[in-house]
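Just below is one structure, and these are the notes that go with it.
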Amino acid sequence: MNPPPIPEKLVFVVAEKDLPPTAPLRFRVLAFLADGVLALIVAALAVKILVPVFYPEGFSLFAEYYRDFRTAYEAALNAAVGGNVDRTALDAVSARALQDERLYSFFETVYSVSFIAVALYFVLTEFFLRGQSLGKKIFGLRTVVFGTPFPPLFLQILSRSFWKAITLVPVGPLLALLGLANAAVVLFARRHRGWHDKLARTEVIDLRELEKRSSKK
């Protein structure tokens, strides 16, 4: 007579005891916020340095649009305060901006530089710090190959970094929704593995707890 099958949940719980300790959610959130601030600072510097190289007249073009928009907005606001609603000038400035291919190219350049800079921040820090971005290093976390204590390979880091970049520098509602959905998966998934972890076959572990376990053996 065959023994009764072991419930799948019980098998996972037993196997999970041998896995490295998963990173506490609060530390993951704090590490991501710290990395987000640092990555956006890097992106801002990259935009300031590189955009004039690829689009020399971009900032002056944007400054001209901003000046016209601000003038039209203040005129519309003053008219509204006086009881006369007049958005003609404001609508004209907005319509002109939407039809200006040069302004569109400027924003496209700014987005491209920002996205690449943010992605490179995560790729380079996690690659050279062996699975630790600066935020993770502060809070004692590390990205590893799932089920092992070993840092991920370069292609795994590249895959994870792409997802983080679209979360911090989304373009359009679809990518913004994907970033929010991935954040929700991290909150509720077992071992807090988001899509970026599952696709890359990685997870984030608590390095300090792992060192405590090792010292007890």
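The values are calculated or read from the model by the stated rules, or taken from the named source; none is laboratory data. Worth saying up front: this structure is predicted, and the values here are computed from it rather than measured. Please note: Cβ atoms are built from the backbone with ideal geometry, for glycine as well, and neighbour counts cover all protein chains shown. Accessible surface is based on the protein model in full, side chains and every heavy atom, while ligands, DNA and RNA are left aside. Shrake-Rupley method; radii C 1.70, N 1.55, O 1.52, S 1.80 Å.
Over the chain, what percent of the accessible surface lies on carbon and sulfur atoms, probe 1.4 Å? Please list the in-between numbers first.
Values: 9350 of 13760 Å².
The computed percentage sits at 68.
Which cross-chain or sequence-distant (5 or more) residues have an amide H under 5 Å from the amide H of T22, H modelled 1.01 Å from N in plane?
Those lying under 5 Å, H to H, from T22 are D206.
Let me have the relative contact order for the stretch 47-199, percent, based on Cα pairs under 8 Å that are six or more residues apart.
On the way: 123 pairs, mean separation 24.5, N = 153.
Once normalised by length, the contact order is 16 percent.
With a 1.4 Å probe and every protein chain left in place, tell me how much accessible area T22 has, in Å² to the nearest 10.
50 Å²
For the chain, give the magnitude of the charge dipole about the Cα centre (Cβ charges: +1 Lys/Arg, -1 Asp/Glu; no others), in debye to the nearest 20.
Numbers: 26 positive and 19 negative charges, 285 e Å.
My answer is approximately 1380 debye.
To the nearest 500 deg cm²/dmol, what mean residue ellipticity at 222 nm is calculated for the chain from DSSP H runs of n ≥ 4 alone, each contributing -39,500 (n - 2.57), summed and divided by the residues?
-23500 deg cm²/dmol
Using a 1.4 angstrom probe on the protein heavy atoms only, could you order D100, D18 from most to least accessible area?
Values: D100 35, D18 130 Å².
Largest accessible area first, the list is D18, D100.
Just the accessible area per residue of the stretch 25-131, please: how many Å² with a 1.4 Å probe?
Details: 6890 Å² over 107 residues.
Accessible area per residue: 64 Å².
Which is farthest toward the positive dipole end of the chain among L210, F27, G194, measuring Cα position about the Cα centre, with Cβ charges +1 (Lys, Arg) and -1 (Asp, Glu)?
Farthest towards the positive end: L210.
Tell me, what does the Kirkwood hydrodynamic radius of the stretch 60-217 come to in angstroms if you use every pair of distinct C-alpha atoms?
Numbers: mean 1/r = 0.0525 Å⁻¹.
Averaging 1/r across every pair of different Cα atoms and inverting gives 19.0 Å.
Counting only the heavy atoms of the protein chains, how much of K212 is accessible to a 1.4 Å probe, in Å² to the nearest 10?
120 Å²
Once Lys and Arg get +1 and Asp and Glu get -1 on their Cβ, which of G82, L124, A92 lies farthest toward the positive end of the dipole of the stretch 53-150?
With unit charges placed on the Cβ atoms, the residue in question is L124.
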